[in-house]
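Single-structure report; data block below.
The values are calculated or read from the model by the stated rules, or taken from the named source; none is laboratory data. Note that the structure is predicted; figures quoted are calculated from it, not measured. In this analysis, Cβ positions are derived from the backbone assuming ideal geometry, glycine residues included, and neighbour counts consider all displayed protein chains.
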Amino acid sequence: MKTERIIIMALAATISLSACTQVKDFLRRAAGRPTSEEIALKKARIEVEEAAHQARLDSLRSYQKALADSLELLDRIKASRTMMMTASSVRGMSRNALSYRYYVVVGTFGTPSNSKAQASRASAAGYTATVIPFNNGFSAVGLDGTDRLQAAWERLQKIKTESFCPKDVWILINE
């Protein structure tokens with residue numbers, strides 16, 4: 001009897017400590033528990049779901065940071081009293097001709113030769129000048145078009161140091 005107990009305990013210990021997954025899976029199945037394969041699949045699904053969740057959290061954090069940065073930038077622009085105007089709010093302007101969303105405008109002129117002269121001065125200083133025609137005969141000189149407001153703001157700060165830059169420089173938003 002004592003020997004039988006020792007053998008049964010040794011057998012139970014061997015089975016529980018055994019690397020034989022078939023025996024473990026048999027006992028798990030008999031007890032209504034998931035098998036090793038089912039456990040491994042569930043673990044893999046959980047890892048995939050956790051990775052997807054983490055990616056969503058990272059994306060959300062990135063979006064929140066970009067939003068906070070944009071709001072901070074808008075606050076800086078507002079504090080500097082820099083004028084920003086949308087193309088749709090500028091009378092007589094056709095926004096379809098523009099390639100970029102933002103331009104630093106260094107002058108609006110009623111005479112085409114004045115626009116060309118300002119564009120030439122800016123080009124000579126190393127800027128990409130765009131003469132922006134209005135439907136009412138006026139035209140503006142926009143420099144260094146970009147699709148990012150941060151880049152437009154940085155360019156505005158640099159352009160303000162140039163001798164050809166007027167005090168009423170502003171940012172045109174093509175929307």
Condition met for ASP69 (modelled with pLDDT of 75 or more and within 28 Å of ASN174 (Cα to Cα)): yes
Matching residues, the range 102-113, being out of contact with any helix residue (DSSP H, G or I) (no Cβ under 8 Å at 6 or more places or on another chain) and either surrounded by 15 or more Cβ atoms within 10 Å (Cβ to Cβ) or closer than 25 Å to GLN157 by Cβ (or both): VAL105, THR108
Restricting the range 132-150 to residues that are within 31 Å of the chain's Cα centre (by Cα) and loosely packed, with under 15 Cβ neighbours inside 10 Å, the residue that is farthest from SER99 (Cα to Cα): GLN150
Residue tally, condition touching a Leu at 6+ places or on another chain (Cβ under 7 Å) and closer than 16 Å to GLY126 by Cα, over the range 156-175: 1
